[in-house]
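Taking it in order: structure first as structure tokens, then the write-up.
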């Protein structure tokens, strides 16, 4: 786990932004002894959100929508791959 304040300092963002991401349900934060921690597995997603928010000027509601749509696209790509693999089975018979 990464301390949220260190992550924010290294990315030059406010800790309140990270808290707003948690409130929106976009990330999870764990609090241990008055220190908030980010899960290492979420860092790529958080960095993507930071780029959307600061570089592309997309608000949190828009980011929620973008992330939801990207997840749907990813799910559909996985399903397409699964169906292609099934089709190959039947084509080889």
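Residues of region 49-93 being in contact (Cβ under 8 Å) with a residue 12 or more places away in the chain and within 12 Å of the chain's Cα centre (by Cα), which ones? 49, 50, 52, 63, 64, 66, 67 - these are the residues of region 49-93 that are in contact (Cβ under 8 Å) with a residue 12 or more places away in the chain and within 12 Å of the chain's Cα centre (by Cα).
Just need a number here: residues in region 39-62 that are closer than 20 Å to residue 4 by Cα and either in contact with a helix residue (DSSP H, G or I) (Cβ under 8 Å, 6 or more places away or on another chain) or part of a helix (DSSP H, G or I) (or both).
Narrowing region 39-62 to residues closer than 20 Å to residue 4 by Cα: 39-54, 60.
Narrowing the set further to residues that are either in contact with a helix residue (DSSP H, G or I) (Cβ under 8 Å, 6 or more places away or on another chain) or part of a helix (DSSP H, G or I) (or both) leaves 40-54, 60.
Total satisfying the criteria: 16.
Of all the listed residues (49, 2), the sole one being surrounded by 14 or more Cβ atoms within 10 Å (Cβ to Cβ) and in contact with a strand residue (DSSP E or B) (Cβ under 8 Å, 6 or more places away or on another chain) is 2.
The numbered conditions (1) exposed (fewer than 11 other Cβ atoms within 10 Å of the Cβ); (2) over 13 Å from the mean Cα position of the chain (by Cα); (3) in a helix (DSSP H, G or I) are all true for residue 31 except (3). Could you check, for region 72-93, whether at least one of its residues is surrounded by fewer than 10 Cβ atoms within 10 Å (Cβ to Cβ) and not in a helix (DSSP H, G or I)? Taking every residue of region 72-93 in turn, at least one turns out to be surrounded by fewer than 10 Cβ atoms within 10 Å (Cβ to Cβ) and not in a helix (DSSP H, G or I).
Here, each number is a calculation from the coordinates, and none is a lab measurement. Since the structure is predicted, the reported quantities are computational estimates derived from the model, not experimental observations. Glycine also receives a Cβ, built like all others from the backbone with ideal geometry; neighbour counts cover every protein chain displayed.
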